[in-house]
Amino acid sequence: AMLEQDSGLSLTIARIVQRLKGSSLHSQLERQARISLHNPDIKLESLKEDIKDFLKTSGWEKKLQNAVYSELNVFPSPCHPAAPPEHMKEPLAYMRKAQGSWEKRILKSLNSMCTELSIPLAQKRPASEQKELLNKWNEMGTDEPDLSLFRPVYAPKDFLEVLMNLRNPNYENGEQPSFRNHLGLIQVPLKVKDIPELKENFSELDLNVGQLGIDDSAQVPPEFFENEHVRIGQKVLAEQDSAAAQQYVRQGCPTALRADLWALILNVSNQPEDILYYEQLKSNVIQHDLLVDSLIYKDVKLTASNDDYYFVFEDYLYQVLLCFSRDTSVLEHFAYSSATPPKSYIQGKLGIEEYAVFYPPNGVIPFHGFSMYVAPLCFLYHEPSKLYQIFREMYVRFFFRLHSISSHPSGIVSLCLLFETLLQTHLPQLFYHLREIGAQPLRISFKWMVRAFSGYLATDQLLLLWDRILGYNSLEILAVLAAAVFAFRAVNLMEVTSLAAAEAVLADLSTLKVMPLLQIFLFATVT
């Protein structure tokens, strides 16, 4: 096993070196090393050591460490050297197949919309229109185009139907012994954590550990914990160490430090070349009109524009999402996503590979509610290119998993199964009651999880939840919170007799406090 670990490690190192070679960090490091040769402290006889010391004291070593840490966080550890590349996307063949047929359905829906409305997927904007768009770039929300004919390509509930029909072909007619008693909507056998494993995993959330987001902890007066926590947070920021920041935010981020801590964890530094890249994406939006632009526009109008917290950010959302759809660097995440970017062919060249282009250019077709992934970030970042980079990193690390079919522990299928298993195991009466009256709990909680609770919780609470997603580099906490919400409202839910009534009990989550709910559910539930 040791040997396999070593070959895995060397594969990881080789891949990281390869990825960093093309990065701007690599060219900056080379430039710094060359400049340092003129430094009188650097002697020829000890050149290698002196340059290493210089990189340490000048802060470049930290930057390199953070870049490596970022790669390790995003990419899965390499499979066995002999494993085919699709295994890195998704090891289970039936999951890959299900994702493939789901993608075909989405494309069909998109193409039929094109045909119905006789609108091309992409066209160059006339010069007059380009000029107009440039002038109103910061107030696109004032526009009221007629979007009545456009409809979202799909909504979360369509996606849930697909997940409910997933089956592992190796277990014909529910033969798996351990799984036979799972009575939820998800019928695939994946390994999910039980409460003891979750307790161990989320040990920093324990009742006797200080937390931001808990008003009255018996052990420590909250203001004492907060002052101390802020002091440590400032130190973590001064150190500029991504790994330390990730550990720190597990106990929550002080509001004043959150934007900088998240940027440090996501390794976003908003360098001049990043700002330039964003400007290039913007000019691409100005020049070309894509069908997905109307889908984005409609989604913002249907969701964020009607939200008490987020309507003020409408213009930011258009800017970020339109630029995102043009960003070909997003295609890199498909190496470790079960999804495959859709292809479109230049007219008259259907099926000829050299005439194929990815559509949209970033490979991601937005669905109903997609803009809610961006909305909460607008509270933290007011500079468009920085907001953009933070969102892009959050998407390629986390959010893509919420709308693709995979067996990954943070993938939506595992989250649904984890949610149902927690309820069935720890609140069996509630679970059976809701099931009996035709109100399967997942039918209610699915939309919360797909959106990572954005638009459902109050913003301060949502940010405390997202702190922990970043801190644990995992989305599993979404399923735990969804189960905790049912536990919290269990008394009222036991009295309902229909799905509509159950939905009414859970319609408004805006008064919930995330941290007490999670703590009580994980650490005060008798197991």
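Laid out as a table, the results:
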| read-out | value |
| --- | --- |
| Part-to-part distance (alpha-carbon centres) for segment 455-527 and segment 87-166, which is given in Å | 30 Å |
| Estimated inter-spin distance, LEU149 and HIS26, nm [label 7 Å along Cα→Cβ] | 4.8 nm |
| Probe 1.4 Å, accessible area per residue of the chain, Å² | 47 Å² |
| Residues with amide H under 5 Å from that of ILE365, placed H, sequence gap 5 or more | none |
| Amide proton proximity set for LYS343, modelled H, under 5 Å, gap of 5+ | TYR359 |
| Stretch gain in nm, segment ASP206-ALA256, where the contour uses 0.36 nm per residue and the Cα spacing is subtracted | 15.6 nm |
| HIS382 versus ARG15: modelled label distance in nm, points set 7 Å from Cα along the beta carbon direction | 4.0 nm |
| Evaluated at q = 0.08, 0.12 Å⁻¹: base-10 log I(q)/I(0), Debye formula over Cα of the chain | -0.57, -1.30 |
| Under 5 Å, built H, 5+ apart or other chain: amide partners of ASP289 | GLN123, LYS124, ARG125 |
| Two-decimal Rg/Rh across segment 416-518, once Rg and the Kirkwood Rh are taken from alpha-carbon atoms | 0.95 |
| Phi to ³J(HN,Hα) by Karplus 6.51 cos²θ - 1.76 cosθ + 1.60 over segment 190-195, Hz, x for Gly, Pro | 10, 7, 10, 6, 9, 4 |
| FRET efficiency for LYS157 and SER269, using Cβ-Cβ distance with R0 set to 35 Å, rounded to 0.05 | 0.35 |
| Ellipsoid semi-axes in whole angstrom, largest first, where each is sqrt(5λ) of the Cα gyration tensor of segment 426-472 | 27, 12, 9 |
| Extension gain from LYS56 to SER510, taking 0.36 nm per residue of separation minus the Cα-Cα distance | 158.8 nm |
| Simple label model, 7 Å out from Cα along Cβ direction - SER118 to VAL491, nm | 6.3 nm |
| Backbone HN-Hα couplings from phi across segment 506-517 [Karplus 6.51/-1.76/1.60, Hz, Gly and Pro as x] | 10, 5, 10, 9, 6, 9, 6, 10, 4, 5, x, 4 |
| Relative contact order (percent, whole number), the chain, Cα cutoff 8 Å, 6+ residue spacing | 19 percent |
| Using a Förster distance of 25 Å, the FRET efficiency for ASN73-SER46 (Cβ separation, nearest 0.05) | 0.10 |
| Sum of -39500 (n - 2.57) over DSSP H runs of 4+, divided by residues of the chain (222 nm, nearest 500) | -17000 deg cm²/dmol |
| In Hz, Karplus ³J(HN,Hα) per residue of segment 321-338 (6.51, -1.76, 1.60; θ = phi - 60°; x = Gly, Pro) | 6, 5, 5, 4, 5, 8, 8, 6, 5, 5, 4, 4, 6, 5, 5, 10, 10, 5 |
| Sequence of GLU161, GLU314 from largest to smallest accessible area, 1.4 Å probe | GLU161, GLU314 |
| The chain, accessible surface, carbon-and-sulfur percent (1.4 angstrom probe) | 56 percent |
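The values are calculated or read from the model by the stated rules, or taken from the named source; none is laboratory data. None of these values were measured; they are calculated from a predicted model. When we count neighbours, we look across all protein chains shown, and the Cβ atoms used for this are built from the backbone with ideal geometry, even at glycine. Quick note on the areas: whole protein, heavy atoms, side chains included, nothing else; ligands and nucleic acids left out. Shrake-Rupley method; radii C 1.70, N 1.55, O 1.52, S 1.80 Å.
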